[in-house]
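Engineer: Sharing a structure with you now.
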Amino acid sequence: MAIRQEPRAVASVVIPAHNEARGISRLLKSLLEDTAASELEIIVVCNGCTDDTAARARQAGPTVLVAETPIPSKRRALDTGDELAHYFPRIYVDADVEISGRSIIALIAALEKPDIHAVGPSRVLPTSASSWLVTRYLAAWQQLPAVRNGLFGRGVVAVDAIGYGRVSRLPHVMSDDLAMSEAFSAAEREIVSDATVVVQPPRRLRDLLRRRIRVHTGNSQFDDAGGRSENAKTSLTDLVRIAFRSPGLALDVGVFLAVTVMARIGARRTIKKGDYSTWLRDESSRAEAE
């Protein structure tokens, strides 16, 4: 009598989650909808949670492995997930985004291309609940060459075994997705058009500023470590080109500049203190996850 064997998982998905009870169920449901029960090894690492993130993640079913650690650290959560994971490709997914199993499979397929070791999905930012200023800022931000071509700001990064060898050796920095992106040349990474991730944007200007202050702080730390290339930075020339190429975006570029200046001023004190552990979290982008 033949013994029926369950198919081997084709990849491991690691999801660090800190107080993400409002969105974790939606993410896991989306991941599991278009894939076979054992096609993906899904690991949720609840780090420093004070809500019921872990309980909600376990409700997704027995195919989801839930680990808990009392330390509220995304990087340590990623390390824990890697220790538990068995397969490559390895896909890292932020708990506050939404991506389908079908998109994950598209990322896996893209990593089969020669010399491609890291990929990310196309980004969708639904701004219907965001203020006018936030919407204008994001319109310009999405046109920046570094934003369009980099793996950061998507909440999802997938790597093959070679790519994992690089990202696993990266320094512990606040801007972890930027560091992952910078570990690969433009020829080694790809944005996959057949894969889509929904990233909820901030709603109000103060929420956007919290997020941008955190980003500028993380970028400063990464710069000090010598990790960020010139191609990953935004120059005034980039902004002028956007406004010249698309005159309708001139106002958006002005808003972008104003917000950038405010965020850099706001980040000065944190950078001066060397505080690269305080995570200025935008709660407004999680409001729709209930």
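The values are calculated or read from the model by the stated rules, or taken from the named source; none is laboratory data. Computed from a predicted structure; not experimentally measured. Note that each Cβ is placed from the backbone with ideal geometry, even for glycine, and that neighbours are counted across all protein chains shown. Accessible surface areas use protein heavy atoms only, side chains included; no ligands, DNA or RNA. Shrake-Rupley method; radii C 1.70, N 1.55, O 1.52, S 1.80 Å.
Engineer: Hey, in the GNM for the chain with a 10 angstrom Cα cutoff, which one of 136, 269, 210 fluctuates hardest?
Structural biologist: Highest fluctuation among the options: 269.
Engineer: OK, next. Starting from the eigenvalues of the Cα gyration tensor, five times each then square-rooted, give me the equivalent ellipsoid semi-axes of region 54-106, largest first, whole Å.
Structural biologist: On the way: eigenvalues 70, 46, 30 Å².
Value: 19, 15, 12 Å, ordered largest first.
Engineer: Per residue, what volume in Å³ does the convex hull of the Cα atoms of region 132-283 enclose? Don't skip to the end; give the middle numbers.
Structural biologist: Details: hull volume 19.2 nm³, N = 152.
Output value, Cα hull per residue: 126 Å³.
Engineer: Just for region 105-197, what percent of DSSP beta bridges are antiparallel, to the closest 5?
Structural biologist: Details: 2 of 8 bridges.
Here the share of antiparallel DSSP bridges comes out near 25 percent.
Engineer: Using mean Cβ contacts within 10 Å as the protection proxy, how do 43-53, 245-255, 120-130 order, highest first? Intermediate results must be reported in sequence, preceding the final value.
Structural biologist: Values: 43-53: 21.0, 245-255: 15.0, 120-130: 17.6.
Final packing ranking: 43-53, 120-130, 245-255.
Engineer: Sticking with this structure for a sec: Once the Cα gyration tensor of region 100-190 is found, what semi-axes does its equivalent ellipsoid get, as square roots of 5 times the eigenvalues, in whole Å, sorted largest first?
Structural biologist: They are 26, 16, 12 Å, listed largest first.
Engineer: With all protein chains present, how much of the accessible area of region 136-290 (probe radius 1.4 Å) comes from carbon and sulfur, to the nearest whole percent?
Structural biologist: Working: 4020 of 7690 Å².
Ligands and nucleic acids excluded, carbon and sulfur reach 52 percent.
Engineer: May I ask for the angle, rounded to the nearest 10°, between helix 132-141 and the longest principal axis of the chain, with both axes built from Cα atoms and the value confined to 0 to 90°?
Structural biologist: 80 degrees
Engineer: Still on this structure, I have one more. Once the chain is represented by equal point scatterers at the alpha-carbon sites, with solvent omitted, what log10 I(q)/I(0) does the Debye formula produce at q = 0.08, 0.14 Å⁻¹?
Structural biologist: For the chain at q = 0.08, 0.14 Å⁻¹, log10 I(q)/I(0) is -0.34, -1.07.
Engineer: Over region 1-116, with every protein chain in place, what whole percent of the accessible area is carbon and sulfur at 1.4 Å, could you tell me? Walk me through the numbers on the way to the answer.
Structural biologist: Working: 2920 of 5710 Å².
Whole-percent figure for carbon plus sulfur exposure: 51.
Engineer: Just subtract the alpha-carbon distance of residue 59 and residue 132 from 0.36 nm times their residue separation and send over the number in nm, one decimal.
Structural biologist: Numbers: separation 73, 0.36 × 73 = 26.28 nm, distance 3.78 nm.
That works out to 22.5 nm of additional length.
Engineer: Using only Cα atoms and rounding to the nearest 10 degrees, what angle (0 to 90) does helix 236-245 make with the longest principal axis of the chain?
Structural biologist: 90 degrees
Engineer: Just to be sure I understand: of the beta bridges DSSP finds with both ends in the chain, what percent are antiparallel, rounded to 5?
Structural biologist: Counting only bridges with both partners in the chain, antiparallel ones make up about 30 percent.
Engineer: Starting from the Cα gyration tensor of region 207-290, take the square roots of the eigenvalues, sort them a ≥ b ≥ c, and report rounded, prolate or oblate (rounded when a/c is under 1.5, otherwise prolate if a/b is larger than b/c, else oblate).
Structural biologist: Values: a/c = 2.12, a/b = 1.24, b/c = 1.70.
Taking the square roots of the gyration eigenvalues as a ≥ b ≥ c, region 207-290 is oblate.
Engineer: Where the centroid of each part is defined by its Cα atoms, how far is region 213-246 from region 122-182 in Å?
Structural biologist: Going from one Cα centre to the other spans 12 Å.
Engineer: Which order do you get for 272, 29 if you rank them by accessible area with a 1.4 Å probe, largest at the top?
Structural biologist: Working: 272 185, 29 130 Å².
In descending accessible area the options line up as 272, 29.
Engineer: Counting only pairs 8 or more places apart or on different chains, how many lysine pairs in the chain have C-alpha atoms closer than 25 Å? Please report the intermediate quantities before stating the final value.
Structural biologist: Values: 29/74; 74/233; 74/272; 74/273; 233/272; 233/273.
Eligible lysine pairs with Cα atoms under 25 Å apart amount to 6.
Engineer: Something else now. Per-residue ellipticity at 222 nm for the chain, helices alone: DSSP H runs ≥ 4 residues times -39500 (n - 2.57), over residue total, nearest 500 deg cm²/dmol? Numbers along the way, then the final one.
Structural biologist: Numbers: 11 runs with 120 residues, N = 290.
For the chain, the value works out to -12500 deg cm²/dmol.
Engineer: Quick check for you: with a 1.4 Å probe and neighbouring chains kept, what is the accessible area per residue of region 111-162, in Å²? Before the final figure, lay out each step's value.
Structural biologist: Details: 2050 Å² over 52 residues.
Per-residue value: 39 Å².
Engineer: Quick one: angle between helix 74-84 and the longest Cα principal axis of the chain, in degrees between 0 and 90, rounded to 10, please.
Structural biologist: Its long axis makes an angle of about 20 degrees.
Engineer: If I model a spin label as a point 7 Å beyond the Cα along the Cα-Cβ vector, how far apart are those points for residue 168 and residue 109 in nm?
Structural biologist: According to this spin-label approximation, the distance is 2.8 nm.
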